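Only one structure is covered here, and it is reproduced in the block below.
The values are calculated or read from the model by the stated rules, or taken from the named source; none is laboratory data. What you see is a predicted model, and the numbers here were worked out from it, not measured in a lab. So basically every Cβ, Gly included, is an ideal-geometry build from the backbone, and we count neighbours across all protein chains shown.
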Amino acid sequence: MQRSLGPSKSVYSLVLNDDVIRAVDRLAYQMNTSRSNMVNQILAEYTSLLTPQKRMSTVFDEIQNLLIQGAGFQLLMKPSDSMLSLRQALNYKYNPTVRYSIELVQTETGSLIRLKVILRSQNQTLIHYLSQFFSLWQELEQKIGGVNISWTIEDARYTRVLDLPGEEISDEDFGQEIAAYIQVLDQAMNAFFETLSEPQSAVAAVNHIYRDYISHIRGGIL
């Protein structure tokens, strides 16, 4: 029996050995994923099918190598095999933590990636300044970068949506591009807060960092 969940997923009825299911459940628990997703991964690997989840595994590995080993970001507990979360301290007073989350999302039309930058704080002054930074960053993305993307800014949260690219770029290169983007965003954010006492200097610092970033990534997809 088959029941469709959309253009890329369906529900199937399978008769499986109880011992097999217990082994699958153990693997799913170890990898922090569901039974269905674990079975899907096993079958995809056995049939040499490259799924979006498998592609993102390579992307996540590249991001971790560059940001954790190379830039000092901290890895948070992985909530699922479709999400990677990192954190970094913000250079502002008590060094609040900024979380960067990269998540693979399945939609009716395909796969996309949601990048979230989140600051968990009740400090309204900090939230106000961070919202100002995100607005400035998005303005630079549109005016200088010429980037036409889906994005939202809400309090101390910035969300940016990316398409999972096709064969025009390797998963390793895509992971490197995401890592570079997160790193420059974090650098610009810290530069902004370091010069808050001089608003014009803060804007100029972010502008300079973004222009330098753009000059080095022409031809990229972010």
Practice problem: At least 1 residues that are among the small types (Gly, Ala, Ser), surrounded by fewer than 18 Cβ atoms within 10 Å (Cβ to Cβ) and in the same structural domain as Met83 (by TED's automatic domain parsing) in each: list the strands (runs of 3 or more DSSP E) lying fully within the range 106-222 that qualify. | Solution: 110-119, 150-154
Exercise. Look at the range 66-76 and say how many of its residues are at pLDDT below 90 and in contact with a helix residue (DSSP H, G or I) (Cβ under 9 Å, 6 or more places away or on another chain).
Key: 2
Quiz item: Ser82: at pLDDT below 90 and surrounded by 15 or more Cβ atoms within 10 Å (Cβ to Cβ), yes or no?
Solution: yes
Practice problem: Test Thr51 against the stated conditions and say whether it is among the β-branched types (Val, Ile, Thr), at pLDDT below 85 and out of contact with any Pro (no Cβ under 8 Å at 6 or more places or on another chain). | Solution: yes
